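Below you'll find the structure, written out as structure tokens, and then a few comments.
The values are calculated or read from the model by the stated rules, or taken from the named source; none is laboratory data. Predicted model only: the values in this text are computed from it and were never measured. Every residue, glycine as well, gets a Cβ built from its backbone with ideal geometry; the counts of neighbours run over all protein chains shown. Just the protein is used for accessible areas: all its heavy atoms, side chains included, with ligands, DNA and RNA removed. Shrake-Rupley method; radii C 1.70, N 1.55, O 1.52, S 1.80 Å.
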Amino acid sequence: MDARQLMPIDVDLTLPTGVPVELVDVTAAGFEPGRLAGAPELAYLSLAGNTEPVRIAGLAAVPGLLRLDVSGAAVADLPAIAAFPALRVLSLNGAQWQTLLDSGWSPRGLAAARLTGPRTAAQVAIFQKATGQAG
């Protein structure tokens, strides 16, 4: 079986107890981000490829989460990002930025905001205005 024939898999994001994990980068058909809640060393998280939307609200219990990229993931509760205490870098696709900004959330506390993946011209304009890049 070659790589083009591999079946999509679900990934268990449960981290081993007592092992300091700072970075998790997962591309999979399914995963449960809430399993990462309480991982004190986790600072960088990238999730992508899931086929069913996941809830990320539980990530608010990751006290040191500095960087989040869900631009390639289906997320059910993007406004939950407002509760992430340490978040400094956020990468989303156009539709995700529009959803998050439409919720009233502001990127003012971020050190960097990244628009990646699919986007429309209108979504680019919304992102640029929100991040102070509008001309």
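Taking every protein chain into account, the 1.4 Å probe leaves Asp10 with about 120 Å² of accessible area, to the nearest ten. With protein chains left intact and a 1.4 Å probe, residues in the chain average 55 Å² of accessible area per residue. Summing +1 for each Lys or Arg and -1 for each Asp or Glu among the other residues whose beta-carbon sits under 14 angstrom from that of Gly58 gives 0. If amide hydrogens are placed 1.01 Å from N in the peptide plane, which non-local residues have theirs closer than 5 Å to the one on Asp77? Those lying under 5 Å, H to H, from Asp77 are Ile56. The ellipsoid equivalent to the alpha-carbon distribution of the chain has semi-axes of 26, 20, 12 angstrom, derived from the gyration tensor eigenvalues as √(5λ) and listed largest first.
Which value, in debye to the nearest 20, describes the size of the charge dipole of the stretch 11-135 about its Cα centre when Lys and Arg Cβ atoms bear +1, Asp and Glu Cβ atoms bear -1, and nothing else is charged?
Here the stretch 11-135 has a charge dipole of around 460 debye.
Semi-axes of the equivalent ellipsoid of the stretch 36-110 are 18, 15, 11 Å, computed as sqrt(5λ) over the eigenvalues of the C-alpha gyration tensor in descending order.
Longest segment of the chain with no trypsin sites (Lys or Arg not before Pro) in a DSSP loop having at most 15 other Cβ atoms within 10 Å?
The answer is 1-54.
FRET efficiency for the Ala86 to Ala121 pair, using the beta carbon distance and R₀ = 30 Å, is estimated at 0.35.
The angle between the Cα long axis of helix 121-130 and the main principal axis of the chain comes to about 80°, on a 0 to 90 degree scale.
Since only Ala121, Ala86, Ile9 are under comparison, the one whose Cα sits farthest along the positive direction of the charge dipole of the chain, derived from C-beta charges on Lys, Arg, Asp and Glu, is Ala121.
Residues whose amide H falls under 5 Å from that of Ala29, counting only those 5 or more places apart or on a different chain, are Ile9, with hydrogens built in the peptide plane.
Applying 1/(1 + (r/R0)^6) with r as the Cβ-Cβ distance of Gln128 and Glu52 and R0 = 35 angstrom yields a FRET efficiency of 0.65. Karplus-based coupling profile of the stretch 47-63, in residue order and whole Hz: 10, 7, x, 5, 9, 10, x, 10, 9, 10, 3, x, 5, 5, 8, 9, x, with θ = phi - 60° in 6.51 cos²θ - 1.76 cosθ + 1.60 and x standing for Gly or Pro. Note that the stretch 76-89 has calculated 3J(HN,Hα) couplings of 7, 10, 3, x, 4, 4, 4, 9, 7, x, 10, 4, 10, 10 Hz, one per residue in order, obtained from phi through the Karplus relation 6.51 cos²θ - 1.76 cosθ + 1.60 (θ = phi - 60°); glycine and proline are x. Each label point was placed 7 Å from the Cα along the Cα-to-Cβ direction; for Ala60 and Leu15 their separation is 2.0 nm. Ligands, DNA and RNA left out, the 1.4 Å accessible surface of the stretch 45-135 is 53% carbon and sulfur atoms.
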